[in-house]
Amino acid sequence: MSIVTMPGDANASTIQAMLSCTNPYWAQENPHRAMQVHIECSVGVCVAKSVAYETLHQQGKLVPDSGRVS
């Protein structure tokens with residue numbers, strides 16, 4: 001299973017736009033995958049990761065990392 005499903009007619013620029021840090025629409029529709037794709041990004045800096053994070057938070061699907069401290 002791939003992390004991201006691409007449309008059959010997708011070209012490089014379509015893929016780049018879809019996975020861009022500035023594309024909140026894909027991130028809201030695919031929040032778990034967006035968090036994976038944007039793993040190196042920071043919430044509050046990357047629009048896509050911020051939207052994905054908030055979507056998962058609203059759905060009650062965030063699982064705190066047990067190794068982190070506030």
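Taken together, the values in this text are just the output of simple stated rules run on the coordinates, not laboratory data. Since we're looking at a predicted model, the values are computed, not measured.
Mean separation of Cα pairs under 8 Å and 6 or more residues apart, divided by the residue count, gives the range 12-64 a relative contact order of 34 percent. In terms of Cα atoms, the Rg and Dmax of the range 14-70 work out to 11.3, 39 Å. Phi angles across the range 29-36 convert, under the Karplus curve 6.51 cos²θ - 1.76 cosθ + 1.60 with θ = phi - 60°, into 3J(HN,Hα) values of 6, 9, x, 5, 5, 4, 5, 6 Hz, Gly and Pro given as x.
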